[in-house]
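A.B. asks: Take this structure, written in structure tokens, and hold onto it; I'll ask about it next.
The values are calculated or read from the model by the stated rules, or taken from the named source; none is laboratory data. Quick caveat, the model's predicted, so the values are computed rather than measured. Note that we place each Cβ from the backbone using ideal geometry, even for glycine, and neighbour counts take in every protein chain shown.
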């Protein structure tokens, strides 16, 4: 299958407090197909979140390229990348980042309204997605009235609102108990298949990684395929 998201020779270097360069990523290659679920594992501080930010055009690499649907981020202006992030990439983080003054329905509608969809279209799509993640009866609730698992499921619905090409998730179940984590994982896999959305998830959760189509290990700035979670120490 052809790749929808590609990274080639991706490098990222930061400057330490004394000015010494610190290379976090040292030539990462990754290709993700439409509808594929890829889990990235690695020790804390190995650069997993950095990689996800580069894949999502939230940061700029020190070297290498990222392409989404064949178009390189480097060839696009900041305002064009903003449109890419809004319309073609969905983000789910460890903390849900829902807007607390808005209901679950309004939160999921937000990306569509920013993309200048009509209010009716945004509402219909948001209702469909919230129902699909089991929140049909919770749409009018603000985040504070939702459980942690419900908040994260609302965040997944929001990430899928614009029918993105790829969803990038950073420890999405990191703050959830086992039961809510399992339910969130099930939502992820089902919706990735249903909407043919590529998913790249950074996780320490072995149960989540074990269900991925591919598991990748980030270590010493390099990304390598792992046969199974059992091969990870």
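A.B. asks: Any idea which residue in segment 128-146 is nearest to residue 163 (Cα to Cα), counting only those that are under 21 Å from the mean Cα position of the chain (by Cα) and surrounded by fewer than 19 Cβ atoms within 10 Å (Cβ to Cβ)?
C.D. replies: So the residue we want is 128.
A.B. asks: Here's something else I'd like to know. Mind checking which strands (runs of 3 or more DSSP E) fall wholly inside segment 10-114 and carry at least 2 residues that are surrounded by fewer than 14 Cβ atoms within 10 Å (Cβ to Cβ)?
C.D. replies: Output list reads 21-33.
A.B. asks: Pairs please, first residue from segment 63-89 and within 25 Å of residue 110 (Cβ to Cβ), second anywhere and exposed (fewer than 15 other Cβ atoms within 10 Å of the Cβ), Cβ atoms under 6 Å, 6+ apart in sequence or on different chains.
C.D. replies: That search, which allows pairs on different chains as well, returns 86/115; 87/115.
A.B. asks: Could you grab the pairs with beta carbons closer than 6 Å, sequence gap of 6+ or different chains, first residue in segment 126-144 and on the phi < 0 side of the Ramachandran plot and without any contact (Cβ under 8 Å) to a residue 12 or more places away in the chain, second one buried (at least 18 other Cβ atoms within 10 Å of the Cβ) and assigned to a loop (DSSP other than H, G, I, E, B)?
C.D. replies: none
A.B. asks: Just a yes or no: is a residue in segment 152-174 farther than 25 Å from residue 88 by Cα, over 13 Å from the mean Cα position of the chain (by Cα) and surrounded by fewer than 18 Cβ atoms within 10 Å (Cβ to Cβ)?
C.D. replies: Taking every residue of segment 152-174 in turn, none turns out to be farther than 25 Å from residue 88 by Cα, over 13 Å from the mean Cα position of the chain (by Cα) and surrounded by fewer than 18 Cβ atoms within 10 Å (Cβ to Cβ).
A.B. asks: I'm checking my understanding of the structure. Among residues of segment 190-207 that are more than 22 Å from residue 29 (Cα to Cα) and touching a helix residue (DSSP H, G or I) at 6+ places or on another chain (Cβ under 9 Å), which one is modelled with the lowest pLDDT?
C.D. replies: Among those residues, the one meeting the criterion is 191.
A.B. asks: Moving on. Pick out the one residue from 232, 215 that is surrounded by fewer than 20 Cβ atoms within 10 Å (Cβ to Cβ) and either in contact (Cβ under 8 Å) with a residue 12 or more places away in the chain or over 16 Å from residue 52 (Cβ atoms) (or both).
C.D. replies: None of the others qualify; the one that does is 232.
A.B. asks: In addition: Between 104, 122, 115, which is farther than 30 Å from residue 9 by Cβ, under 20 Å from the mean Cα position of the chain (by Cα) and at pLDDT 95 or above?
C.D. replies: After applying the criteria, what remains is 104.
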